[in-house]
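**Q** Have a look at this one.
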Amino acid sequence: MENTGICFKWVGLSHLDNAKKPLTRWLDNEKIESTRGLMKTIIIAGVPRSGKSTLSKQLSKDGNYSYIPFDAIVSTSQNLYPDLGISHFEDSKEVSKKTAPFIAEFLKHLVFESISAVIDVYQLYPIDIVDQPALQNVDILFLGYPDIYPQEKMEKILKHARKGDWTEGVQRKELLSYIQKYIDESKIIKEQCQEYGFQFIDTGSDYEEVIKQVILGFKMSNKRS
């Protein structure tokens, strides 16, 4: 990673989308400078098994931020208030239309309480963020794997699966169908990121190295702020 003096530019990682372009919506020096000493919210969004939780937890730890796994809120809504339509069983694009205003409203309360947080969320698409003023000055990073083969991704998932993981007991054919769905969603998210100017990072290959570079960039930005 090369320090350009204005923002970060990814070097030597050709699989990162827009690798030679500045991260204008992520790790922006001017944005960091304008919020120095104030609360800060980071949203890590993208498909399951893209590294969202790993990255979010590490950023929370390094920055001393609260970690908010939005899956817990979705599960609560699904179990107690199913009529809201915020559920793991609904189409992620449809849930995103409800998730975006929910997070925007939730963020207002974080600001009021002066809470810095990292929000880890699946059901959120770039197209639904642009109409939410409360999310315009938030650092948002999308992760996905649009170009990997389903079989290859499945092997990686099974290799790193933990005890009690949701993949336990899932037949390979069914797991492949989930992965294909996440690949298709990754492609949509990547296209929307390009259209609306959000940063998208492909974690399909060199997963650990990509996550490590993002964390390194975050630490460097914090040192300069």
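**Q** Using alpha carbons only, how many angstrom separate the centre of the stretch 43-103 from the centre of the stretch 151-225?
**A** That distance is 15 Å.
**Q** Tell me, what ³J(HN,Hα) does each residue in the stretch 75-85 have, in order and in whole Hz, if you take phi through Karplus 6.51 cos²θ - 1.76 cosθ + 1.60 with θ = phi - 60° and put x for Gly and Pro?
**A** Once θ is set to phi - 60°, the couplings for the stretch 75-85 become 5, 5, 4, 4, 7, 9, 10, x, 5, 5, x Hz.
**Q** Could you go through the stretch 145-150 in sequence order and give the Karplus-derived ³J(HN,Hα) for each residue, using 6.51 cos²θ - 1.76 cosθ + 1.60 with θ = phi - 60°, rounded to whole Hz, and x for Gly and Pro?
**A** 3J(HN,Hα) across the stretch 145-150, in whole Hz: 9, x, 10, 7, 7, x.
**Q** Here is a further query. Could you give each residue of the stretch 177-193 its phi-based ³J(HN,Hα) in whole Hz, using Karplus coefficients 6.51, -1.76, 1.60 with θ = phi - 60°, and x for Gly or Pro?
**A** Couplings: 5, 4, 5, 4, 4, 5, 5, 4, 5, 4, 5, 5, 4, 4, 4, 5, 4 Hz.
**Q** Place the peptides 137-149, 154-166, 54-66 in order of packing, highest mean first, counting for every residue the other Cβ atoms within 10 Å and averaging per peptide.
**A** 137-149, 54-66, 154-166
**Q** Still on this structure, please answer the following. Taking amide H positions as placed 1.01 Å from N in the peptide plane, with prolines and chain starts having none, which residues 5 or more places from ILE140, or on another chain, fall under 5 Å of its amide H?
**A** Answer set, sorted by chain and number: ILE43.
**Q** Also, quick follow-up: If Lys and Arg each add +1 and Asp and Glu each add -1, what is the summed charge of the other residues whose beta carbon sits under 9 Å from the beta carbon of ARG49?
**A** Details: positive: LYS52, LYS153, LYS156; negative: none.
Spelling it out: positives minus negatives among the neighbours equals +3.
**Q** Remind me, what semi-axes does the stretch 36-96 give for its equivalent ellipsoid, largest first in whole Å, using sqrt of 5 times each Cα gyration tensor eigenvalue? Provide the component values of the computation, followed by the final result.
**A** Details: eigenvalues 133, 37, 21 Å².
Those come to 26, 14, 10 Å.
**Q** For the stretch 40-218, I need the span (max minus min coordinate) of the C-alpha atoms along each principal axis, in Å, sorted largest to smallest.
**A** 46, 41, 35
**Q** Counting Lys +1, Arg +1, Asp -1, Glu -1, what net charge surrounds VAL111 among other residues with beta carbon under 12 Å of its beta carbon?
**A** Working: positive: LYS40, LYS108; negative: GLU105, GLU113.
Neighbourhood net charge equals 0.
**Q** Once amide H atoms are placed 1.01 Å from N in the peptide plane, what residues at a sequence separation of 5 or more from SER66, or on another chain, have their amide H within under 5 Å of its amide H?
**A** The list, which skips near neighbours in sequence, is SER116, ALA117, VAL118.
Read-outs: derived from the displayed coordinates by stated rules, not from any lab. No experiment lies behind these values; they were computed from the predicted model shown. Here the Cβ is made from the backbone with ideal geometry for all residues, glycine too, and neighbour counts use every protein chain on show.
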